[in-house]
Amino acid sequence: MEKAAGSPSVGGSYPQKNAEILSSQYGINLFLAGLLLTFAWAVHAVGISKSHLLSYLITLMLIQLLWMLWYLGRSCTQRRLIRDKDTHAGARWLKCGITLFAVITLILDSFKIGYYIDFSNCLSPTEGIFPVTHAMHTILQVYFLWCHAKDIIQSFKTLERFGVIHSVFTNLLLWTNGVLTESKHQLNEHKERLITLGFGNITIVLDDHAPQCNCTTTTLCSIFSQGIYYLYPFNIEYHILASTMLYVLWKNIGRKVEHHQQHKTPFKFHGITVGMIFGLVVLTSTIAIVVVYLIQIGRSKIKSELALTMFYWHAIFVLALMCTAGIVALLIYRLEDRSLDNSKNPARKLDAELLVGTAAGSWLLSWGSILAIICAQAHPKYTWYNLPYSVLVIIEKYIQNLFIIESIHREQEKVNDDIKTLRIVTISRGSTLSLSPSYEEIYNGRAAPESGEVPCLLKGSVCGRENDRGTKEETSQDKSSVMHSASDISFYSRNSVTNNKRRILKNIAAFLFLCNLSLWIPPAFGCRPEYDNGLEEIVFGFEPWIIVVNLAMPFSIFYRMHSAASLFEVNCKT
């Protein structure tokens, strides 16, 4: 009987499981082909040019555009149908974040179009077609995610799996292309800085993909070429956020969900003043440090060493504060007895996996720096500050990951504000109703009844008693009032402690949110001591260490932005 009952569900899920496996393999092969093409262009492989890479990316974007238009058209024809939604996916703040990055990405595309117009004599037509296609792709994709990120697709499931996974890996390839382009630019600047630091024994060969012709308007060309690289960090974050939202949509295809009431958790500034103030101080000081660093680094050996020393001291101080805040939050969690929500949730599972997975990038760089400091024969003074900095990076991410993952898995506490004014109704002898004082009356000193009357809640009920039994009734009611008063005061005490804990946790989440935004800024905008320190290149060799940095740095940058997004959600839930 059990086999007979279970066989239909197994038979029904088997084709869908096959479709999931086939679509994931399609996406992986799509990505590997693009990755190999990107690598071939980066190393100047014979017969591979930038136009080949851009043609491949343009084709992928056009296919995704056709699929999104088909999906939107089908959704419009079925708009009256009630569809299942994943309330945990596509949060409003996440949509607002991706919209902001998308707007800056459109500015980047306009700069690329202007750059192509100025160098049109010696650039491939694909370099002009690519930003136009990318701009159309960005606009439609953001609209698609705003309208359908929460969808749980139950029709055309096999076809939709291929369409969504195609979109996921298209965004990942666009992310890879942006990371590579930005990294090549950073690498060229890094090679020039190494000369000023005295590392003359490292071969300096600039990897330049600049056009081999003159610009029609020199001033505009300079603005476009320089502005493009300052906008790339936002373009990189846009594509990685889009790919994660689309991946959750892919995981939700065909999923059976239980219908629960959605509890809205809006962000409120009330009660997080302390955390916001300290976080804004860290953010402001970080921006100042980055500006000074970018001005001083590479000017001379002394100025470069001072810039590195200043960066390390600031980072050590901020990371120590973040570690302390994280430990306090974890201690508060240990004092609370609240169960964890272990229900199936693709968005939450992906968040936890991304936190640990992308943290590995920073850990790899930190362990590389620690080994270099231990193994190096000569140690300039500024390199010693790299040791506590690297150790704190490892510890801070470890603590922060524990805090965030536990926070997003904790069941949201349901607090009913009306409980403060709840009156406990007791039924005595089936006819007389007595009403105990409310919490507000006790707290404000108005617990004594103003009249001896007991309200009648039922028609025809007895509203009074004989005079000879009045004394007994009053004594009984007095005892009941005292008991309820003690219970309400006990509740108020527990509620006060809970509110204090919640306020501390919200301030910690707000502080860590701003700190993660602060630590995202330096590597995203070219402040990378892993490049400029110089000690790692001597120990590991220039090219091996640069490969490690170029592979690990994008994950390190994404970790900070993803942590900030997760902490924003934690603040809303707390």
Identify the single condition in (1) at pLDDT below 60; (2) open to solvent by less than 50 Å² (accessible area, probe 1.4 Å); (3) polar (S, T, N, Q) that Asn467 does not satisfy, given that it satisfies every other one. (2)
Conditions (1) surrounded by 20 or more Cβ atoms within 10 Å (Cβ to Cβ); (2) modelled with pLDDT of 90 or more; (3) among the β-branched types (Val, Ile, Thr); number of the one not met by Thr284: (1)
Within segment 295-321, count every residue that is in contact with a Cys (Cβ under 7 Å, 6 or more places away or on another chain) and open to solvent by 60 Å² or more (accessible area, probe 1.4 Å). 0
Hey, can you tell me all the residues within segment 394-406 that are touching a Ser or Thr at 6+ places or on another chain (Cβ under 8 Å) and open to solvent by less than 10 Å² (accessible area, probe 1.4 Å)? Lys397, Gln400, Ile404
Of the residues in segment 141-160 that are open to solvent by less than 10 Å² (accessible area, probe 1.4 Å) and assigned to a helix (DSSP H, G or I), the one that is nearest to Ile21 (Cα to Cα) is Glu160
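Looking at segment 374-388, can you tell me whether even one residue there is part of a helix (DSSP H, G or I) and either under 29 Å from Leu505 (Cβ atoms) or of a type in the set (Asp, Glu) (or both)? Step through it out loud before you land on a result.
Our first condition is that a residue be part of a helix (DSSP H, G or I); within segment 374-388, this holds for 374-375, 381-388.
Then drop every residue that is not either under 29 Å from Leu505 (Cβ atoms) or of a type in the set (Asp, Glu) (or both), which leaves 388.
Checked segment 374-388: at least one residue is part of a helix (DSSP H, G or I) and either under 29 Å from Leu505 (Cβ atoms) or of a type in the set (Asp, Glu) (or both).
Could you please find all residues in segment 258-280 being open to solvent by less than 90 Å² (accessible area, probe 1.4 Å) and at pLDDT 65 or above?
Here is the first cut: in segment 258-280, the residues open to solvent by less than 90 Å² (accessible area, probe 1.4 Å) are 265-267, 271-276, 279-280.
Listed by number, the residues that qualify are Gly271, Ile272, Thr273, Val274, Gly275, Met276, Gly279, Leu280.
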Given the options Glu536, Glu543, name the one that is surrounded by 23 or more Cβ atoms within 10 Å (Cβ to Cβ), part of a helix (DSSP H, G or I) and of a type in the set (Asp, Glu). Glu536
Right, Leu94: surrounded by 16 or more Cβ atoms within 10 Å (Cβ to Cβ) and either in contact with a strand residue (DSSP E or B) (Cβ under 6 Å, 6 or more places away or on another chain) or not in a helix (DSSP H, G or I) (or both) or not? no
Segment 378-391 residues that are assigned by the TED database to the domain that holds Ser304, paired with ones that are among the acidic types (Asp, Glu) and surrounded by 15 or more Cβ atoms within 10 Å (Cβ to Cβ) (beta carbon under 8 Å, 6 or more apart): Pro380/Glu305; Lys381/Glu305; Tyr382/Glu305
Step by step: first the residues of segment 44-59, then only those that are in a helix (DSSP H, G or I) and in contact with a Phe, Trp or Tyr (Cβ under 8 Å, 6 or more places away or on another chain), then the one that is farthest from Thr170 (Cα to Cα). Which residue is that? Lys50
Pair list, Cβ < 7 Å and 6+ apart or interchain, from segment 227-241 residues that are farther than 9 Å from Gly178 by Cβ to residues that are of a type in the set (D, E, K, R) and part of a helix (DSSP H, G or I): Ile228/Lys112; Tyr229/Glu182
Residues satisfying the stated conditions in segment 21-48, i.e. over 19 Å from Val179 (Cβ atoms) and open to solvent by 40 Å² or more (accessible area, probe 1.4 Å): Ile21, Leu22, Gln25, Tyr26, Asn29, Val46, Gly47
Complete set of residues in segment 369-411 that are among the charged types (D, E, K, R) and modelled with pLDDT of 85 or more: Glu396, Lys397, Glu406
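The values are calculated or read from the model by the stated rules, or taken from the named source; none is laboratory data. Quick caveat, the model's predicted, so the values are computed rather than measured. Note: ideal-geometry Cβ built from the backbone for every residue, glycine included; neighbour counts use all protein chains shown. Ligands, DNA and RNA are excluded from the accessible area calculation, which covers all protein heavy atoms including side chains. Shrake-Rupley method; radii C 1.70, N 1.55, O 1.52, S 1.80 Å.
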